[in-house]
Amino acid sequence: MLSYDAILAAPFPQAKLGVRIDRGALCSIDFLDPGMDDLPPRDPVAREVARQLMAYFANPAHIFSLPLVILGTPFQRRVWQALCEVPPGKPCRYGDVARRLASGPRAVGGACRANPIPIVVPCHRVVGVNGLVGYSGAVSGEGLAIKRWLLDHESRV
């Protein structure tokens with residue numbers, strides 16, 4: 001089992017958030033079983049991640065400013081950077097991101113699926129031509145419910 005630097009309650013009932021820190025920076029946020037026990041942040045960086053996540057949950061216009069360690073291919077990192085430029089409350093389509101990066105929608109979807117830091121790197125803001133499509137590898141159920149919650153939350157911006 002992975003070791004977490006914090007396990008946080010989320011405002012959506014489908015999951016808790018497992019936060020991992022590496023080299024003094026946020027390296028992943030995982031959706032965990034909602035029945036898991038909370039784990040208070042273990043260090044100053046985890047405390048700041050928790051503070052900023054709670055700020056976002058209180059105000060969907062919150063802009064994250066966190067040290068990040070994001071491991072991925074050069075293409076994935078380009079997609080993740082493009083996602084950070086999508087404003088809250090203004091979802092875009094996979095094809096929009098693909099055109100911007102001279103790529104294809106499926107490749108963008110693959111990079112979104114591989115995003116190790118959901119919410120902070122807002123892959124939830126990318127939707128398909130016919131709706132939500134998927135989130136963090138889930139194409140139905142709890143994953144899509146979380147994506148729907150995040151988009152509804154941001155619609156208040």
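A short reminder: the numbers here are calculations on the coordinates, not readings from a lab. Since the structure is predicted, the reported quantities are computational estimates derived from the model, not experimental observations. Counting neighbours? That spans all protein chains shown, and the Cβs are built from the backbone with ideal geometry, glycine included.
In nm, to one decimal, how far is the modelled label at Ser155 from the one at Met54, with both set 7 Å along Cα→Cβ?
Each label point is offset 7 Å from its Cα along the Cβ direction, giving 2.8 nm.
Order of Asp22, Asp96, Asp33 from fewest to most other C-beta atoms within 10 Å?
Numbers: Asp22 13, Asp96 16, Asp33 10.
Lowest count first: Asp33, Asp22, Asp96.
For the range 11-157, compute the orientation-averaged projected area of the C-alpha convex hull (one quarter of its surface), in nm².
Values: hull surface 33.3 nm².
Averaged projected hull area, Cα only: 8.3 nm².
Give a quick list of trypsin sites (Lys or Arg not before Pro) in the range 1-47 that DSSP marks as loop, anything other than H, G, I, E or B, with at most 14 other Cβ atoms within 10 Å.
Here the sparse-neighbourhood loop sites are Arg23, Arg42.
Let's test this: bin the Cα-Cα distances of the range 1-91 at 10 Å from zero up to the farthest pair and state each bin's percent.
P(r) for the range 1-91, in whole percents per bin: 16, 43, 36, 5.
Taking amide hydrogens as modeled 1.01 Å from N in the peptide plane, which residues meet the under 5 Å criterion relative to Val69, leaving out close sequence neighbours?
Leu26, Cys27
Using only the Cα atoms of the range 6-58, what are the Rg and Dmax in Å?
Both quantities, over Cα of the range 6-58: 10.4, 31 Å.
Pairing rule first: another cysteine's C-beta must sit under 4.7 Å. Under that rule, which cysteines of the chain stay single?
Isolated Cys, the chain: Cys27, Cys84, Cys92.
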